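A short write-up of the structure that comes next.
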Amino acid sequence: MYDVAIVGAGPAGCFIGKLLAERGFDVAIIEEHAEIGHPVCCAGILGTSGLGELGIKPGEWVLGDLKGAVFYPPSGDAVPLGRGKVEALVIDRASFDRELAVGAVNAGTTLLMKTKCLDISRGRGVIVKVKRTSGRDEIKARLVMGADGPASLIARKTGLLKSPRCISCAQVETIADVEASTAELYFGRAFAPGFFAWIVPAGDVCRVGLGTSEGSPLRKLADFMKKHPVASEKIDADKVLHFTAGLIPHPFTRKIYADSVMLVGDAAGQVKPLTGGGIYIGLSCAKLAADVASKALEGEVTAKALRGYERAVAKRFGAEFKLGMYAREVLQKMSDDDLNSAFELLGRPDVGALVLEHVDFDHHGELIKALAKKGPGLLRLIGLHKLMGYVRKL
Ligand SMILES: Cc1cc2nc3c(=O)[nH]c(=O)nc-3n(C[C@H](O)[C@H](O)[C@H](O)COP(=O)(O)OP(=O)(O)OC[C@H]3O[C@@H](n4cnc5c(N)ncnc54)[C@H](O)[C@@H]3O)c2cc1C
């Protein structure tokens, strides 16, 4: 009987495993794959301020840094943005995840690899039904943590998943002719409806990926690499080294706790809605979850004992999630013409300065609030009344 069984040895699962083991709890992490960090679909961008806040020191997993970004609207007119200082690191996810897993094991966690969770049943505590190489087995615990990613089985089996809404993504590693320390982001309905495509320098290669709310991300990525008027000139589509596919969940699509159950990380929809970045938020929420779980484990682990978790997450990230979803929905509704107009606006020195003043890699709420406050005036100024329609339609 463990105190806590964590399903999923991704960053959120390993981080919370370490935090709980350090507090003296008997913890098992259950991971279906044979290797930590494989397979994983991620651009691997981590804000430096977020890492500092989490107390994680950059390690061998750092492949490069980012000082700015260039935005490409459908018109192809580049809008560069940056403050000339390092804002984020580009990391090797497998190696980052491994470091977190080693931290969890060193703290006393039992890591069960090649162990797939098939189901759970709850009564007094939880029985996690798993399949191992040796056959089927059961793992008993007082609390189960679903850290099993965006398609979380734990969220589905416990009725916590309210909507399966996700952004579908595909990414390759290949060679591309882009500036070091600069991420390129491409917007437009033709290639990445509802989200965007990216080229991120990552050491010797570039990560080229795309998210979409419609159709096959794989087909759209192939089109993007071969047919995008700007990107196809930079990307070597014949040197693809590594292909992955993945999902980005939405906040507010799941409840995050129930009797003897908590969700954390992507399983809980804890991502930045505008970019889909989830590592920093997932680990931050893991800290909040560890605090609430530690207290709850002093007695019976009921939903009532765990409800402080939802409150703590709402207090820390609720406004970020709400404003981010709002901004994402505005972006999703925009036609290509309106995206061109919006990025034209971003390219103006006064708007660019406003963005740089308020932008924070890991927290987008302040920027969205500043734009919402100044936005209507700016839109009127250059006659973009149409854009206001999107805001009113929300
Ligand atoms: C294309 C793409 C690009 C991204 N880029 C970035 C980025 O640049 N920066 C950023 O911060 N975030 C990025 N993200 C998001 C980031 O990858 C996730 O937020 C992060 O991986 C979430 O960590 P997690 O531990 O919650 O879940 P995961 O990393 O998904 O880990 C879940 C683990 O659970 C295991 N598992 C699942 N089901 C079971 C089961 N039934 N039994 C046992 N084990 C199971 C899986 O094998 C996996 O190891 C990106 C996502 C995508 C799709």
Check: When region 280-337 is examined, which residues are found to be among the small types (Gly, Ala, Ser) and in contact (Cβ under 8 Å) with a residue 60 or more places away in the chain?
Finding: 282, 284, 286, 289, 290, 293, 294, 296, 324, 335
Margin query: Anything in region 206-221 that is over 30 Å from residue 319 (Cβ atoms), in contact (Cβ under 8 Å) with a residue 12 or more places away in the chain and more than 15 Å from the ligand (Cβ to nearest atom)? List them, or say none.
Written below: 215
Next item on the list: Only residues in region 157-180 that are in the same structural domain as residue 259 (by TED's automatic domain parsing) count as the first member; pair them with residues that are more than 15 Å from the ligand (Cβ to nearest atom) and in a strand (DSSP E or B), Cβ under 8 angstrom, at least 6 apart or cross-chain, and list the lot.
Entry: 158/122; 158/258; 159/258; 160/257; 160/258
Next item on the list: Pick out the one residue from 333, 315, 287 that is under 30 Å from residue 79 (Cα atoms) and either open to solvent by less than 20 Å² (accessible area, probe 1.4 Å) or charged (D, E, K, R) (or both).
Entry: 333
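Per-residue answers, yes or no, for (1) within 20 Å of the chain's Cα centre (by Cα); (2) of a type in the set (Phe, Trp, Tyr); (3) modelled with pLDDT of 70 or more:
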{"position": "314", "(1), (2), (3)": "yes, no, yes"}
{"position": "317", "(1), (2), (3)": "yes, yes, yes"}
{"position": "339", "(1), (2), (3)": "no, no, yes"}
{"position": "344", "(1), (2), (3)": "no, no, yes"}
{"position": "350", "(1), (2), (3)": "no, no, yes"}
{"position": "356", "(1), (2), (3)": "no, no, yes"}
Margin query: Anything in region 126-156 that is more than 15 Å from the ligand (Cβ to nearest atom) and either free of Cβ contacts under 8 Å to residues at least 12 places away in the same chain or open to solvent by less than 30 Å² (accessible area, probe 1.4 Å) (or both)? List them, or say none.
Written below: 134, 135, 143
Margin query: Please pick out the residue among 47, 24, 84, 108 that is surrounded by fewer than 18 Cβ atoms within 10 Å (Cβ to Cβ) and under 27 Å from residue 185 (Cα atoms).
Written below: 84
Checklist line | Unique residue being within 14 Å of residue 239 (Cα to Cα) and surrounded by 22 or more Cβ atoms within 10 Å (Cβ to Cβ) when the list is 208, 200 | finding: 208
Next item on the list: Go through (1) more than 11 Å from the ligand (Cβ to nearest atom); (2) within 14 Å of the chain's Cα centre (by Cα); (3) without any contact (Cβ under 8 Å) to a residue 60 or more places away in the chain one by one and return the number of the condition residue 234 breaks.
Entry: (2)
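The values are calculated or read from the model by the stated rules, or taken from the named source; none is laboratory data. All values derive from a computational prediction rather than experimental measurement. Note that each Cβ is placed from the backbone with ideal geometry, even for glycine, and that neighbours are counted across all protein chains shown. SASA here: full protein model, heavy atoms, side chains in, ligands and nucleic acids out. Shrake-Rupley method; radii C 1.70, N 1.55, O 1.52, S 1.80 Å.
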